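In what follows, a single structure is set out as structure tokens and then discussed.
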Amino acid sequence: MSEPEILFEHVMEPGTGKAVPVLRGQILHIEQLGNGQCADFNAFNLHDYKEYFHTGRTRHLHGLHPAEGDHLWSAPPRERPMLTIIRDTVGTNDVLYPRCTGFLYEYQFGFDTHTNCHDILAESIREYGLTPDDVHDSFNFWMHTGVDEDDHPYIKRMLAKRGDFVELLAQVDVLAVPNVCGADVFSTSNFELKPLKLQVFQATAAQRERWLLPEERRYRNQRTPADFRQPTIKADRALTRDDAYSPEWPVYPIVKQAVSVPLSDDEYARIAVLRADGNFGQEDGEIVRHAFFSWWIEHRMQGPKHLHAGE
């Protein structure tokens, strides 16, 4: 089988995102370039931005962890599949946790400046004339989450590796908006931010036959503005690119700096125990980073205690 023609390709560096038109019958491919990075994701109807992805309807229909074969649904009253997950090499996705925000890091950790998903998504959609108020709760690709016995959500270790990917088939023309999640103080992306690759290509005839749904509405209550008693919205519906747009990411570039941490024999022995546990990684630096942030979050969190990292 020949490789599909790449219609669009882009690498998202930490601290950035990208708004990408994906037309009906095209596929958006999101790929890991490092060992485990969460991607937050928004989506809008390319011809009517008031129709957008809805975590609540998706969660209701597919549970907390949508997987291959599940849809990303638009918000009421439209309530139709916008995209379908047709490939997923890991199978850990989340629609429980909301997008991280600048407020979250300031309120819980005292950081008045920190990369975060809301601001990155807002900057990404500014290219198409949308505002921070148009950002909505995200689909969290590869975010590995659960709910404990007290009904509190928690974040587990990221399982995705270099080369893992998801592919989404567009059921309608959409503006797809993925971003590199900015949560580096949680185990969301194993306490380190990494780039992600985006590609758009046309679905094959076999993929269209298997996955592409009929265009017409199937249910009476899947409404459009033609059904609204007040259909007039005081804004242009079509999304057109601002040719003068130039990205101004709120926290970019993300600078990494190596730090030497002297350890005693006893601490090395503890690292060996954590390595054997399997939930903290295999490399010394990775284990120390994971263990430190797990401890630090428990001792520094100023907000609700149930927003903790790790099991």
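The values are calculated or read from the model by the stated rules, or taken from the named source; none is laboratory data. Predicted model only: the values in this text are computed from it and were never measured. Here Cβ is always computed from backbone atoms with ideal geometry, including for glycine, and neighbour counts include all displayed protein chains. Protein only, heavy atoms only, side chains kept; ligands, DNA and RNA dropped before computing areas. Shrake-Rupley method; radii C 1.70, N 1.55, O 1.52, S 1.80 Å.
Examine the range 298-310 for a residue that is assigned to a loop (DSSP other than H, G, I, E, B), in contact with a Ser or Thr (Cβ under 9 Å, 6 or more places away or on another chain) and at pLDDT below 90, and state whether such a residue exists. Step through it out loud before you land on a result.
Applying the first criterion (assigned to a loop (DSSP other than H, G, I, E, B)) to the range 298-310 yields 301-308, 310.
In the following step, the residues that additionally are in contact with a Ser or Thr (Cβ under 9 Å, 6 or more places away or on another chain) were identified as 308, 310.
Add one more test, that the residue is at pLDDT below 90, and what stays is 308, 310.
The answer is yes; a qualifying residue exists.
So, of the residues in the range 257-278 that are in a helix (DSSP H, G or I) and open to solvent by 90 Å² or more (accessible area, probe 1.4 Å), which turns out to be nearest to MET158 (Cα to Cα)?
If we take residues in the range 257-278 being in a helix (DSSP H, G or I) and open to solvent by 90 Å² or more (accessible area, probe 1.4 Å), then VAL273 is nearest to MET158 (Cα to Cα).
Considering only the range 249-298, how many residues are among the β-branched types (Val, Ile, Thr) and without any contact (Cβ under 8 Å) to a residue 24 or more places away in the chain?
Of the residues in that region, 5 qualify.
Would you be able to say whether some residue in the range 128-142 is of a type in the set (Asp, Glu), open to solvent by 50 Å² or more (accessible area, probe 1.4 Å) and touching a residue at least 60 places away in the same chain (Cβ under 8 Å)?
Among the residues of the range 128-142, at least one is of a type in the set (Asp, Glu), open to solvent by 50 Å² or more (accessible area, probe 1.4 Å) and touching a residue at least 60 places away in the same chain (Cβ under 8 Å), which makes the answer yes.
Grab the strands (runs of 3 or more DSSP E) fully contained in the range 126-233, keeping just those with 1 or more residues being touching a helix residue (DSSP H, G or I) at 6+ places or on another chain (Cβ under 8 Å) and modelled with pLDDT of 95 or more. Explain how you work it out, then say what you get.
Details: elements: 139-141, 145-147, 153-155, 165-170, 174-180, 196-202.
By residue number, 139-141, 153-155, 165-170, 174-180.
Need the failing condition index for ASP236 against (1) at pLDDT 85 or above; (2) within 22 Å of VAL22 (Cα to Cα); (3) open to solvent by 70 Å² or more (accessible area, probe 1.4 Å); (4) not β-branched (Val, Ile, Thr), just the number.
In the conditions (1) at pLDDT 85 or above; (2) within 22 Å of VAL22 (Cα to Cα); (3) open to solvent by 70 Å² or more (accessible area, probe 1.4 Å); (4) not β-branched (Val, Ile, Thr), ASP236 misses (1) alone.
Take ARG289 and decide whether it is open to solvent by 70 Å² or more (accessible area, probe 1.4 Å), at pLDDT 85 or above and under 22 Å from ILE155 (Cβ atoms).
Considered against the rule, which asks whether it is open to solvent by 70 Å² or more (accessible area, probe 1.4 Å), at pLDDT 85 or above and under 22 Å from ILE155 (Cβ atoms), ARG289 comes out as yes.
Kindly indicate whether ARG229 is in contact with a Lys or Arg (Cβ under 9 Å, 6 or more places away or on another chain), basic (Lys, Arg) and open to solvent by 80 Å² or more (accessible area, probe 1.4 Å).
Values: in contact with a Lys or Arg (Cβ under 9 Å, 6 or more places away or on another chain): no; basic (Lys, Arg): yes; open to solvent by 80 Å² or more (accessible area, probe 1.4 Å): yes.
Spelling it out, it is not the case that ARG229 is in contact with a Lys or Arg (Cβ under 9 Å, 6 or more places away or on another chain), basic (Lys, Arg) and open to solvent by 80 Å² or more (accessible area, probe 1.4 Å).
Specify which of the listed residues (PRO81, PRO4) is more than 16 Å from the chain's Cα centre (by Cα), farther than 18 Å from CYS181 by Cβ and modelled with pLDDT of 95 or more.
Numbers: PRO4 fails: modelled with pLDDT of 95 or more.
Answer to the selection: PRO81.
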